Amino acid sequence: MSETKKEPTYFLAEFDGPGGLLEAAKKVRDAGYKMFDCHSPFPIHGMDQAMGLKRSPLGVIVFLCAFTGVFSMIALTYWVSVEAYPLVISGKPLFSYPAYAPPIFAIGVLTGGITSLLGMLALNKLPRPHHPLFNSESFSRATSDGFFVSIEAESSEDENKIKSFLSSIGGKNVEVIKGE
């Protein structure tokens, strides 16, 4: 038998300003909700801590890939100048590392930059051209003057419980959005 994946239900509530959104995030986190997000027209200092988010692994990923790129370029320049095409020029050693510093640095920066872009897209699950929240008329204000909390829930959870919770923490215009 094949299991059918249930479509998630999203609960969207609007809050008054960045302070209200920050407090709402703390209350949603403390209530035990794991699948929720906060939407605002600008970054809010302290939102990561309020939502209980862990530190992003992107820095470690970029460092490891940049280090791999640098090490690979050092190995390539060593192999070319010592093994494949050994040329003694003006009595210099076969592997004169100062001459190879610019390409090694450039590969490190290029590898780090490309990795940060691709890693950010992958960790943010982008591109995602459509999300069910885009069906909400009020959610279009999230990019200009709206502050929203959205909670993703399986359809088995009690809709009234989540709606009343969002209202009790100061949420206005609570909407239920179904679909994927």
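Brief remarks follow.
- Anisotropy class assigned to segment 58-123 is prolate, per the alpha carbon gyration tensor with a/c at or over the 1.5 cut-off and a/b larger than b/c.
- Set against the labelled values (1) 19.8; (2) 20.3; (3) 17.1, Kirkwood radius over Cα pairs in Å computed from this structure falls on (2).
- For segment 128-133, the Karplus equation 6.51 cos²θ - 1.76 cosθ + 1.60, evaluated at θ = phi - 60°, returns couplings of 10, x, 9, 10, x, 5 Hz by residue, with Gly and Pro reported as x.
- Separation of the alpha carbons by more than 21 angstrom is noted, of Lys34/Lys178; Lys6/Lys161; Lys27/Lys125; Lys27/Lys172; Lys125/Lys161; Lys27/Lys161, for Lys27/Lys125; Lys125/Lys161.
- Label-point gap, in nm, between Val109 and Phe95 - each point 7 angstrom along Cα→Cβ: 2.5 nm
- Phi to ³J(HN,Hα) by Karplus 6.51 cos²θ - 1.76 cosθ + 1.60 over segment 93-105, Hz, x for Gly, Pro: x, 4, 10, 9, 4, x, 5, 9, 4, x, x, 5, 4
- Summing charges over all other residues whose Cβ lies under 13 Å from the Cβ of Ala142, with Lys and Arg as +1 and Asp and Glu as -1, gives -4.
- Calculated FRET value between Met120 and Ser72, using beta carbons and R₀ = 25 Å, to 0.05: 0.65
- Most to least packed among 77-88, 164-175 [average Cβ atoms within 10 Å]: 164-175, 77-88
- Computed [θ] at 222 nm, helices only, for the chain once each DSSP H run of length n ≥ 4 contributes -39500 (n - 2.57): -14000 deg cm²/dmol
- Only Cα pairs under 8 Å and 6+ residues apart enter the sum, and on that basis the relative contact order of segment 58-123 stands at 56 percent.
- Dipole-positive endmost among Phe105, Pro129, Thr115 within the chain (Cβ charges, Cα centre): Phe105
- Set of aspartates and glutamates near Lys26 by C-alpha distance (under 16 Å), chain-local residues within fewer than 8 positions excluded: Glu14, Asp16, Asp37, Asp48
- Under the convention that each Lys and Arg Cβ holds +1 and each Asp and Glu Cβ holds -1, the size of the dipole of the chain around its Cα centre is about 520 debye.
Rule-based calculations on the coordinates, nothing more; no lab input. Since we're looking at a predicted model, the values are computed, not measured. Please note: Cβ atoms are built from the backbone with ideal geometry, for glycine as well, and neighbour counts cover all protein chains shown.
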